[in-house]
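Following: one structure in structure tokens, then a few remarks.
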């Protein structure tokens, strides 16, 4: 149990900021992409039977849903203060009004955001995340998600830098049914019904619930609703079979062989949208025109926006420059390049991390500190300081599409 005094003490020491430990998550059905800056000897630190570590979760109050053998705190971020550590989730439960603001707690009842890097050597199976209606039938929340491909974490493309998204216009539900009926025949051919888009660094996508997608092999920054629901629709990827259990993981027990129900979880119109790319691809949008901020030594862009669920920014501060940035809501940060000061706390981007090692690249910023403005200093003579900032629902500053 974390008491409120310990939380407020940590906040006071950081002037409204909390330092977070790295939170690593393995996936048994994927091959690690080796770009998370985790030491190669530690990729299977949870044990080979759990799978390799291919995700790092940020500012997380969400448990990873990794089946039997998953530790109780897997996926949860820890705050580090002095010699103590406590869960961010416990901090928000005990002092959410201080961390997020009383209005946000009254409206959202918590920090309804999960953000992560996922890093795979190859593609993920074509899958979808249930919407609220279907997720509620198994006691979960629906999950939209957004993607951004940070250049600093993508020195290589890995095996397949393309993502299948949606279904080709004209595809029928009977076409998808045949794929599911062929589950145990090897490749069920679901991606023959889809279209692959080449992934571009410095851009992003929005994937609403019910849309099929098979993320490719660029490392991806992914703000999303804090839920781990999914249904895999592809039976074989890179020679690796996908068990039927991963298709029906979040399907009611009496519906796990009901193909009409499973297909009914898809948002059909969104999948066969003939303008899918134009509807779902996102490009950075300046927070303030660059001609107004370049003289002050920084640029800030929205990289995730236009949804009610979450938003995200990328801030770049030039070498030897200092800026103060105000935001309208609490947020988490992860550095992708450079070093300096964020508020009063030293921050630095690691070149390599050992499993269990503390880093200086991740923080949580309380609502009051965000509104008052955080002073950010780039202490490098040559390297930009680049920071990704993730916000939960209801940020009033987030722009429309």
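The values are calculated or read from the model by the stated rules, or taken from the named source; none is laboratory data. These figures come from a predicted structure and were not determined experimentally. Cβ placement follows ideal geometry from the backbone for every residue including glycine, while neighbour counts extend to all protein chains displayed.
The condition of being at pLDDT 95 or above, surrounded by fewer than 21 Cβ atoms within 10 Å (Cβ to Cβ) and in the same structural domain as residue 47 (by TED's automatic domain parsing) does not hold for residue 356. Among the residues that make up the stretch 66-77, is at least one of them closer than 15 Å to residue 362 by Cα and surrounded by fewer than 18 Cβ atoms within 10 Å (Cβ to Cβ)? No, every residue in the stretch 66-77 fails to be closer than 15 Å to residue 362 by Cα and surrounded by fewer than 18 Cβ atoms within 10 Å (Cβ to Cβ). When you look at residue 155, is it loosely packed, with under 15 Cβ neighbours inside 10 Å, at pLDDT 95 or above and not assigned by TED's automatic domain parsing to the domain that holds residue 304, yes or no? So residue 155 fits the description; yes. Figure legend. Inter-residue proximity from the stretch 282-298: first residues exposed (fewer than 15 other Cβ atoms within 10 Å of the Cβ), second residues assigned to a loop (DSSP other than H, G, I, E, B), beta-carbon distance below 6 Å, spacing 6+ or different chains. Indicated pairs: 283/203. Does the stretch 198-208 contain at least one residue that is surrounded by fewer than 15 Cβ atoms within 10 Å (Cβ to Cβ), over 16 Å from the mean Cα position of the chain (by Cα) and assigned to a strand (DSSP E or B)? Yes, the conditions are met somewhere in the stretch 198-208. For residue 156, the requirement of being assigned to a loop (DSSP other than H, G, I, E, B) and over 24 Å from the mean Cα position of the chain (by Cα) is not met. Reported count of residues in the stretch 330-356, each being under 20 Å from residue 10 (Cβ atoms), touching a helix residue (DSSP H, G or I) at 6+ places or on another chain (Cβ under 8 Å) and assigned to a loop (DSSP other than H, G, I, E, B), is 2. Would you say residue 325 is modelled with pLDDT of 95 or more and either closer than 30 Å to residue 15 by Cα or out of contact with any strand residue (DSSP E or B) (no Cβ under 8 Å at 6 or more places or on another chain) (or both)? Spelling it out, residue 325 is indeed modelled with pLDDT of 95 or more and either closer than 30 Å to residue 15 by Cα or out of contact with any strand residue (DSSP E or B) (no Cβ under 8 Å at 6 or more places or on another chain) (or both). With the structure loaded, tell me whether residue 227 is out of contact with any strand residue (DSSP E or B) (no Cβ under 6 Å at 6 or more places or on another chain) and either over 28 Å from residue 392 (Cα atoms) or assigned to a loop (DSSP other than H, G, I, E, B) (or both) or whether it fails that test. Taking the combined requirement at face value, the residue satisfies it.
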